[in-house]
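A quick write-up on the structure given underneath.
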Amino acid sequence: MNMKYVFVLVIAIAAIAEGAEYTVGDDMGWMVPPTPDYYASWVSKYYFVENDTLVFNFEQGIHDITVLTKEDFDACNMKNPLFQSPEPGEVMVMASDTFYFTCSFGQHCANGQKFAIYFASAPLPPSPSPCPSESATADQSTESRPFKFVSAKMGN
Ligand SMILES: *[C@@H]1O[C@H](CO)[C@@H](O)[C@H](O)[C@H]1NC(C)=O
(Lines give C-alpha, C1' and ligand atoms only; values in the text may rest on other atoms or scores of the structure.)
Protein backbone atom coordinates (compact mmCIF):
# COMPACT_ATOMS: atom_id res chain seq x y z
CA MET A 1 0.00 0.00 0.00
CA ASN A 2 2.79 2.40 0.83
CA MET A 3 4.51 1.43 -2.40
CA LYS A 4 1.46 2.53 -4.30
CA TYR A 5 1.61 6.00 -2.79
CA VAL A 6 5.33 6.26 -3.46
CA PHE A 7 4.76 5.28 -7.06
CA VAL A 8 2.03 7.87 -7.56
CA LEU A 9 4.19 10.55 -5.99
CA VAL A 10 7.13 9.76 -8.25
CA ILE A 11 4.91 9.96 -11.31
CA ALA A 12 3.50 13.28 -10.13
CA ILE A 13 6.94 14.77 -9.60
CA ALA A 14 8.11 13.60 -12.99
CA ALA A 15 5.04 15.13 -14.59
CA ILE A 16 5.68 18.50 -12.98
CA ALA A 17 9.37 18.56 -13.80
CA GLU A 18 9.27 17.36 -17.38
CA GLY A 19 5.72 17.66 -18.58
CA ALA A 20 3.82 14.92 -20.30
CA GLU A 21 5.03 12.95 -23.27
CA TYR A 22 2.97 12.46 -26.41
CA THR A 23 3.81 10.21 -29.32
CA VAL A 24 3.03 12.07 -32.52
CA GLY A 25 0.51 10.10 -34.56
CA ASP A 26 0.29 7.52 -31.77
CA ASP A 27 1.07 4.05 -33.16
CA MET A 28 1.37 5.27 -36.73
CA GLY A 29 4.23 7.56 -35.89
CA TRP A 30 5.47 10.39 -38.10
CA MET A 31 4.86 9.81 -41.81
CA VAL A 32 2.77 10.91 -44.76
CA PRO A 33 -0.66 10.14 -43.30
CA PRO A 34 -3.46 8.18 -44.96
CA THR A 35 -5.74 11.23 -44.75
CA PRO A 36 -4.73 14.92 -44.84
CA ASP A 37 -6.42 15.69 -41.52
CA TYR A 38 -4.81 12.78 -39.70
CA TYR A 39 -2.43 14.84 -37.57
CA ALA A 40 -4.98 17.58 -36.93
CA SER A 41 -7.24 14.92 -35.43
CA TRP A 42 -4.34 13.57 -33.41
CA VAL A 43 -3.61 17.05 -32.01
CA SER A 44 -7.26 17.58 -31.13
CA LYS A 45 -7.26 14.53 -28.86
CA TYR A 46 -4.94 16.08 -26.30
CA TYR A 47 -4.33 19.19 -24.26
CA PHE A 48 -0.71 20.26 -24.50
CA VAL A 49 1.10 22.37 -21.94
CA GLU A 50 4.51 24.02 -22.21
CA ASN A 51 7.36 21.66 -21.27
CA ASP A 52 5.47 18.73 -22.68
CA THR A 53 7.47 16.46 -24.95
CA LEU A 54 6.55 15.29 -28.44
CA VAL A 55 7.97 11.93 -29.44
CA PHE A 56 8.61 11.58 -33.16
CA ASN A 57 8.95 8.00 -34.36
CA PHE A 58 10.22 7.61 -37.91
CA GLU A 59 13.00 6.06 -39.92
CA GLN A 60 15.92 8.42 -40.15
CA GLY A 61 16.68 9.50 -43.72
CA ILE A 62 13.13 9.39 -45.05
CA HIS A 63 11.53 11.97 -42.72
CA ASP A 64 12.68 14.70 -40.39
CA ILE A 65 11.27 17.08 -37.78
CA THR A 66 10.88 20.62 -39.05
CA VAL A 67 9.23 23.57 -37.32
CA LEU A 68 8.20 26.52 -39.46
CA THR A 69 6.49 29.87 -39.11
CA LYS A 70 2.78 29.79 -39.88
CA GLU A 71 3.37 31.45 -43.25
CA ASP A 72 6.03 28.94 -44.29
CA PHE A 73 3.92 26.09 -42.91
CA ASP A 74 0.91 27.16 -44.94
CA ALA A 75 3.07 27.44 -48.05
CA CYS A 76 5.20 24.35 -47.29
CA ASN A 77 8.29 26.53 -47.63
CA MET A 78 11.23 24.74 -46.00
CA LYS A 79 13.86 27.43 -46.51
CA ASN A 80 13.80 29.02 -43.05
CA PRO A 81 13.12 26.38 -40.42
CA LEU A 82 12.83 27.54 -36.83
CA PHE A 83 13.96 24.13 -35.68
CA GLN A 84 14.98 21.01 -37.49
CA SER A 85 16.17 17.55 -36.56
CA PRO A 86 17.07 14.75 -38.97
CA GLU A 87 16.89 12.31 -36.08
CA PRO A 88 13.80 10.69 -34.62
CA GLY A 89 13.39 11.44 -30.95
CA GLU A 90 11.85 13.65 -28.34
CA VAL A 91 11.32 17.37 -28.70
CA MET A 92 10.42 19.34 -25.62
CA VAL A 93 8.47 22.52 -26.28
CA MET A 94 9.27 25.10 -23.65
CA ALA A 95 6.92 27.94 -24.53
CA SER A 96 3.25 28.65 -24.63
CA ASP A 97 2.39 29.31 -28.24
CA THR A 98 1.19 27.66 -31.43
CA PHE A 99 3.90 25.81 -33.31
CA TYR A 100 3.91 24.42 -36.82
CA PHE A 101 5.53 21.03 -37.30
CA THR A 102 6.13 19.33 -40.61
CA CYS A 103 8.60 17.19 -42.53
CA SER A 104 10.91 18.84 -45.07
CA PHE A 105 11.23 15.80 -47.35
CA GLY A 106 9.75 15.86 -50.85
CA GLN A 107 6.04 16.58 -50.95
CA HIS A 108 5.42 15.31 -47.44
CA CYS A 109 4.21 18.68 -46.17
CA ALA A 110 1.84 19.14 -49.11
CA ASN A 111 0.60 15.59 -48.56
CA GLY A 112 -0.44 16.18 -44.98
CA GLN A 113 2.61 15.37 -42.86
CA LYS A 114 2.11 18.52 -40.83
CA PHE A 115 0.26 19.85 -37.83
CA ALA A 116 -0.27 23.05 -35.90
CA ILE A 117 -0.16 22.53 -32.15
CA TYR A 118 -0.96 24.85 -29.28
CA PHE A 119 0.86 24.59 -25.98
CA ALA A 120 -0.95 26.22 -23.08
CA SER A 121 0.93 27.95 -20.27
CA ALA A 122 -0.80 25.99 -17.54
CA PRO A 123 -2.43 22.61 -17.16
CA LEU A 124 -6.19 22.11 -17.11
CA PRO A 125 -8.16 23.00 -15.13
CA PRO A 126 -6.81 26.55 -15.12
CA SER A 127 -6.25 27.34 -11.48
CA PRO A 128 -6.51 31.04 -10.68
CA SER A 129 -3.14 32.27 -9.49
CA PRO A 130 -3.39 33.97 -6.11
CA CYS A 131 0.03 35.51 -6.53
CA PRO A 132 0.43 36.85 -10.07
CA SER A 133 3.61 38.82 -9.38
CA GLU A 134 5.49 35.68 -8.37
CA SER A 135 7.49 35.07 -11.50
CA ALA A 136 9.46 37.91 -13.04
CA THR A 137 11.16 36.05 -15.86
CA ALA A 138 9.34 37.99 -18.53
CA ASP A 139 12.30 39.29 -20.51
CA GLN A 140 12.64 36.29 -22.77
CA SER A 141 14.70 36.77 -25.86
CA THR A 142 12.65 36.08 -28.94
CA GLU A 143 15.84 34.75 -30.48
CA SER A 144 16.06 31.82 -28.11
CA ARG A 145 14.47 28.70 -29.46
CA PRO A 146 11.73 27.20 -27.37
CA PHE A 147 12.59 23.75 -28.67
CA LYS A 148 14.92 21.28 -27.10
CA PHE A 149 15.87 17.99 -28.63
CA VAL A 150 15.71 15.88 -25.52
CA SER A 151 16.87 12.49 -26.67
CA ALA A 152 17.14 10.46 -29.78
CA LYS A 153 14.96 7.41 -29.89
CA MET A 154 16.94 4.21 -29.60
CA GLY A 155 16.54 1.98 -32.62
CA ASN A 156 14.10 -0.84 -32.31
C1 LIG B 1 8.26 25.02 -17.83
O2 LIG B 1 9.60 25.02 -17.38
C3 LIG B 1 10.07 26.29 -16.96
C4 LIG B 1 11.54 26.16 -16.65
O5 LIG B 1 11.77 25.08 -15.81
C6 LIG B 1 9.24 26.78 -15.79
O7 LIG B 1 9.67 28.06 -15.40
C8 LIG B 1 7.77 26.82 -16.19
O9 LIG B 1 6.97 27.17 -15.08
C10 LIG B 1 7.32 25.48 -16.71
N11 LIG B 1 5.94 25.57 -17.19
C12 LIG B 1 4.98 24.77 -16.77
C13 LIG B 1 3.60 24.99 -17.32
O14 LIG B 1 5.17 23.87 -15.96
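The values are calculated or read from the model by the stated rules, or taken from the named source; none is laboratory data. Predicted model, so just to flag it, every value in this text is computed and none were measured. Every residue, glycine among them, receives a Cβ derived from its backbone with ideal geometry; neighbour counts consider all protein chains shown. Surface accessibility is based on the protein's heavy atoms, side chains included, excluding ligands, DNA and RNA. Shrake-Rupley method; radii C 1.70, N 1.55, O 1.52, S 1.80 Å.
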Residue-level accessible surface for Leu82, protein heavy atoms, 1.4 Å, Å² | 70
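Would you work out the charge dipole size for segment 27-110 about its Cα centre, treating the Cβ of every Lys and Arg as +1 and the Cβ of every Asp and Glu as -1, and quote it to the nearest 20 debye?
Numbers: 3 positive and 12 negative charges, 28 e Å.
I would put it at about 140 debye.
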Ordered by packing density, taken as the mean number of other Cβ atoms within 10 Å over each peptide's residues, highest first, how do 99-108, 29-38 rank?
-> 99-108, 29-38
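Does segment 31-74 come out rounded, prolate or oblate, given a ≥ b ≥ c as the square roots of the eigenvalues of its C-alpha gyration tensor, rounded meaning a/c under 1.5 and, failing that, prolate meaning a/b above b/c? Write out the running numbers ahead of the final one.
On the way: a/c = 1.24, a/b = 1.21, b/c = 1.02.
Verdict is rounded for segment 31-74.
Using a 1.4 Å probe and counting only protein heavy atoms, arrange Phe73, Phe149 so the residue with the most accessible area comes first. Intermediate results must be reported in sequence, preceding the final value.
Details: Phe73 20, Phe149 60 Å².
The most accessible residue leads, giving Phe149, Phe73.
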